[in-house]
Amino acid sequence: MANISATILDDRSVLHVSGPEAAEFLQGLITNDIGQVKDGAAIHAGLLSPQGKILFEFIIAGHDDGYLIDCAGAEAPALVKRLTLYKLRSKVEIKDLSGALHVAALWPGAEAEAPGLFTDPRLAEMGQRLIGDEASLSQAMKALSAEPCGPADYHARRIGLGIAEMCQDYPSGEIYPHEANFDRLGGVSFSKGCYVGQEVVSRMKHKTSIRKRIVPVMVSGDAPAMGAEIRADGKAAGQFGSSQDGRGLALLRLDRIEGAQEITAGTARLTPLKPGWADFEVPGAAS
């Protein structure tokens, strides 16, 4: 087994959705197919506005009597409120288990074996995740001889692989699933039934190309803050996300960076990169 690095993601929270109608309830709301949560597999998904923009982004894993939702900690109270709003008379119970349960990330790959471990559904190279209380996570890491790391190490890996996360790289309610690469990283099902915002997602699927996408970039100079404007030869070309160790993620207008001599965000110069999983062109990407 390869050496394993592990960290507790203290910026993540865990919700629990249970009850006899939990699967049906989630299926009518999220971008992905809840039926794929089986045999230890998890899914990546979002909950959209009626206009098709991402309000919440999360990973869903199965639990004995329902589902665990691994989401951005800053958005957990709002997600509970939104789910409760949609609950109506559904036989569903929604609990915020923040503080009781935590999320751990383990990498480099999906080689480890331990109860409850699941492969990151966005990209196998992201490694695995485990949800549990502090004692069980500590015990699992010790059993796997995992090397403790900090969250910064996890984010450096995530950014290097081109995996965007809400609150790190984009705020709630501002971008579409295709722009966050849900369509390329298993975050949306095009074969399931209706869900909130589904019509917009379906229309975007049939576009010849998606004008904006989040891609990794090399950062030369002081990394800007999330949301900083990116300019290509002086023209507005996107927004900056998160950064770590000279790499960042950026929502770029791909048409506007094509042929650009200079791409900047504040005082930093940016060089776009094409992630290994991408089947779309990134103009000017460094090899």
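If neighbour count is taken as other Cβ atoms inside 10 Å, put K207, K91 in order from fewest to most. Please list the in-between numbers first.
Numbers: K207 9, K91 12.
So the ranking, lowest neighbour count to highest, is K207, K91.
Just in region 187-263: which chymotrypsin sites (Phe, Trp or Tyr not before Pro) are loop by DSSP and have at most 12 other Cβ atoms within 10 Å? Kindly include the intermediate steps, with their values, before the conclusion.
Numbers: sites: F190, Y195, F240; in loops: F190, Y195.
Qualifying residues, ordered by number: F190.
Which pairs break 20 Å Cα to Cα here: K95/K192; K53/K91; K212/K235; K53/K212; K53/K192? Don't skip to the answer; put the middle values down first.
Working: K95/K192 26 Å; K53/K91 27 Å; K212/K235 15 Å; K53/K212 13 Å; K53/K192 18 Å.
Violating the 20 Å limit, Cα to Cα: K95/K192; K53/K91.
Relative contact order of region 5-148, please, whole-number percent, based on alpha carbon pairs below 8 angstrom and at least 6 residues apart. Can you show the working numbers first?
On the way: 285 pairs, mean separation 44.2, N = 144.
Once normalised by length, the contact order is 31 percent.
Quick one: Karplus J couplings for region 173-179, per residue in order, coefficients 6.51, -1.76, 1.60, θ = phi - 60°, nearest Hz, x for Gly and Pro?
x, 10, 10, 8, x, 5, 5
List the aspartates and glutamates whose alpha-carbon lies under 16 Å from that of K207, not counting same-chain residues fewer than 8 positions away?
Correct list for K207: E179, D183, E199, D255, D279, E281.
Tell me the relative contact order for region 208-272 as a rounded percent, counting alpha carbon contacts under 8 Å between residues six or more apart. Each step should come with its number before you reach the end.
Details: 144 pairs, mean separation 27.0, N = 65.
Taking the mean separation of contacting Cα pairs over the length of region 208-272, I get 42 percent.
Jot down the per residue volume, in cubic angstrom and as a whole number, of the convex hull over the alpha-carbon atoms of region 5-148.
Working: hull volume 15.0 nm³, N = 144.
Normalising the Cα hull of region 5-148 by residue number yields 104 Å³.
Counting other Cβ atoms within 10 Å of each Cβ, which chymotrypsin sites (Phe, Trp or Tyr not before Pro) in region 1-87 have at most 12 and sit in a DSSP loop?
Details: sites: F25, F56, F58, Y67, Y86; in loops: none.
Those that pass, being in a loop and sparsely packed, number zero.
What aspartates and glutamates sit close enough to K81 to cross-link, taking a C-alpha to C-alpha distance under 13 Å and skipping anything fewer than 8 places away on the same chain?
E93, D96
Taking the alpha-carbon centroid of each part, what is the distance from region 1-36 to region 79-127 in angstrom?
Here the two parts' Cα centres lie 3 Å apart.
Which shape class applies to the chain: rounded if a/c is under 1.5, otherwise prolate when a/b exceeds b/c and oblate if not, where a ≥ b ≥ c are the square roots of the Cα gyration tensor eigenvalues?
Details: a/c = 1.96, a/b = 1.29, b/c = 1.52.
Note, shape of the chain comes out oblate.
Given contacts defined as C-alpha pairs under 8 Å and at least six residues apart, what's the relative contact order of the chain, whole-number percent? Can you show the working numbers first?
Values: 643 pairs, mean separation 55.3, N = 287.
Computed value for the chain: 19 percent relative contact order.
Bear in mind that the values in this text are calculations on the coordinates, not laboratory data. Since this is a predicted model, take the numbers as computed values, not measurements. Cβ sites come from the backbone with ideal geometry, for glycine too, and all protein chains shown count toward neighbours.
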